[in-house]
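Structure first, then comments.
The values are calculated or read from the model by the stated rules, or taken from the named source; none is laboratory data. Only a predicted model underlies this, so the values are computations on that prediction, with no experimental measurement involved. Positions of Cβ are generated from backbone atoms using ideal geometry, with glycine treated the same way; all protein chains shown enter the neighbour counts. Keep in mind that these areas ignore ligands, DNA and RNA; they rest on the heavy atoms of the full protein, side chains included. Shrake-Rupley method; radii C 1.70, N 1.55, O 1.52, S 1.80 Å.
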Amino acid sequence: MNDAYAKLQKCYESIKSRIPFKPRVALVLGSGLGDYADTSIKVEATIPYQEINGFPISTVPGHKGQFVFGYVTDVPVVCMQGRVHYYEGYDVTDVVLPTRLMYLMGAEYLFLTNASGGINPDFWAGDLMMITDHISLFTPNPLIGPNIDELGTRFPDMSEVYNKRLQEIIREAGEELDVDLKEGVYAQLTGPSFESPAEIRMLKQLGVDAVGMSTVIEAIAANHCGMKVCGISCVCNMAAGISPNPLTHEEVQAAAAACAPVFKKLLSLIIVKMGVEP
Ligand code: HPA
């Protein structure tokens, strides 16, 4: 059997009996949103990552590491409280292992959230941006290596990574809550250093609206195995060279925390709407 698939199966087997239900939505909580699981989910079970055999453990301050299973209203969700980042040194296949694990748990939808730097001049720090498409060219593709035929095809189509119906739902939810939701293209760079001003000018030329250090490789892996994907980014700062100030992780965390109350309301409404989709 394919090594990556064998590892995934081993992780799944080691927790299968502790999963309380088949989740409808898999939710990945980005910077500043970690406590969504504590405040907005009726928790049924948690599984700390370190209790999962072979699971990559996150080392970033401010990122907890566990799966939380619970209900948002009556929609069963599994939520990653803390994700795994490529810049921590993991193989890209390990970075997408949790995504694939949530697929094996039965989740149909993958809802990705993150923090980003804004490049589009119409954005402000504190804006929320629905991801409509991405540029993945700066990180290795998570599907490199022998294809896991059990999950998907060798050459998967990526013309609609961010599901159009989910985008409609997100827009509707934004309107109902009167959130000035921005939309745009997200690019993932490896990090952990922030970008240089010249890199930001390049990304702008390429049509990137916001830049961050996560999400795209997870979205590719989820699309490969047929999950319906959506994503919202919290634009925590204007990117290097646009903002006159040096960037710090602390500033990003503080901005993400300031955004969190509105972001959480939006997440819950979107998840409830996902729950009534046929
Ligand atoms: N660049 C990359 N990642 C980020 C940024 C940024 O400016 N802000 C928050 N995450």
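Brief remarks follow.
- Only one of Ser193, Ser214 that is free of Cβ contacts under 8 Å to residues at least 12 places away in the same chain and assigned to a loop (DSSP other than H, G, I, E, B): Ser193
- Test: Gly212 is under 17 Å from the mean Cα position of the chain (by Cα), near the ligand (Cβ under 8 Å from one of its atoms) and closer than 18 Å to Phe123 by Cβ: yes
- Within the range 88-96, none of the residues are small (Gly, Ala, Ser) and within 16 Å of the ligand (Cβ to nearest atom).
- For the range 80-100, the set of residues classified as over 14 Å from the mean Cα position of the chain (by Cα) and either at pLDDT 95 or above or part of a helix (DSSP H, G or I) (or both) consists of Tyr87, Glu88, Val92, Thr93, Asp94, listed by residue number.
- Top-ranked residue in the range 224-248 [being within 16 Å of the ligand (Cβ to nearest atom) and part of a loop (DSSP other than H, G, I, E, B); ranked as surrounded by the most Cβ atoms within 10 Å (Cβ to Cβ)]: Ala239
- Complete set of residues in the range 10-29 that are under 21 Å from Gly152 (Cβ atoms) and within 22 Å of the chain's Cα centre (by Cα): Cys11, Tyr12, Lys22, Pro23, Arg24, Val25, Ala26, Val28
- Selected residue [part of a helix (DSSP H, G or I), touching a helix residue (DSSP H, G or I) at 6+ places or on another chain (Cβ under 6 Å) and buried (at least 16 other Cβ atoms within 10 Å of the Cβ)] from Ala173, Ala115, Ala125: Ala173
- Of residues in the range 249-263 being open to solvent by less than 10 Å² (accessible area, probe 1.4 Å) and aliphatic (A, V, I, L, M), the one nearest to the ligand (Cβ to nearest atom): Ala256
- Of the criteria (1) in a strand (DSSP E or B); (2) away from the ligand (no atom under 16 Å from the Cβ), which one Val28 fails: (2)
So that you can scan it fast, the table gives a plain yes or no per residue for (1) open to solvent by 10 Å² or more (accessible area, probe 1.4 Å); (2) out of contact with any Lys or Arg (no Cβ under 6 Å at 6 or more places or on another chain); (3) among the acidic types (Asp, Glu); (4) modelled with pLDDT of 95 or more:
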position	(1), (2), (3), (4)
Met1	yes, yes, no, no
Ser14	yes, yes, no, no
Phe21	yes, yes, no, yes
Leu27	no, yes, no, yes
Ser31	yes, yes, no, no
Asp35	yes, yes, yes, no
Ile41	yes, yes, no, yes
Ala45	yes, yes, no, yes
Tyr49	no, yes, no, no
